[in-house]
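The values are calculated or read from the model by the stated rules, or taken from the named source; none is laboratory data. Everything numeric here is computed off the predicted structure, so don't read it as measured data. Note that we place each Cβ from the backbone using ideal geometry, even for glycine, and neighbour counts take in every protein chain shown.
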Amino acid sequence: MDVALVSSTFLTIFLAELGDKTQLATMALGSSSGRPLMVFLGSTTALLLASLLGVMVGDSLASMAPPAWLQLAAGVGFLAQGARLLWETRGDRSTSTSS
């Protein structure tokens, strides 16, 4: 078993998931359902299947394109999302100050 890979994957995903909308939805369901164990089992299963899908798609893409290209595409995608969010925030500020 590659403990370093498992550890880095765990840490990356764990930190990325803290405070995201999935966790907030799970907290809301857990607090309103009265059955926190069932909410835990449902959310765990959903995250497990989403992760499995991501790994399978990533593995398939890796057989079609070099990993460096996939990393570059992911990086460009994240940069584009960040730029879009900054652009939208800038637009929100300019409209709120002109009112």
Original post:
What residue, of Ser51, Ser32, is of a type outside the set (A, V, I, L, M, F, W, C) and loosely packed, with under 10 Cβ neighbours inside 10 Å?
Top reply: Ser32
Subject >> Options Ser31, Ser96; residue that is part of a helix (DSSP H, G or I) and modelled with pLDDT under 90 >> reply: Ser96
**OP:** Can you confirm whether segment 5-15 contains a residue that is more than 14 Å from the chain's Cα centre (by Cα) and hydroxyl-bearing (Ser, Thr, Tyr)?
**Re:** yes
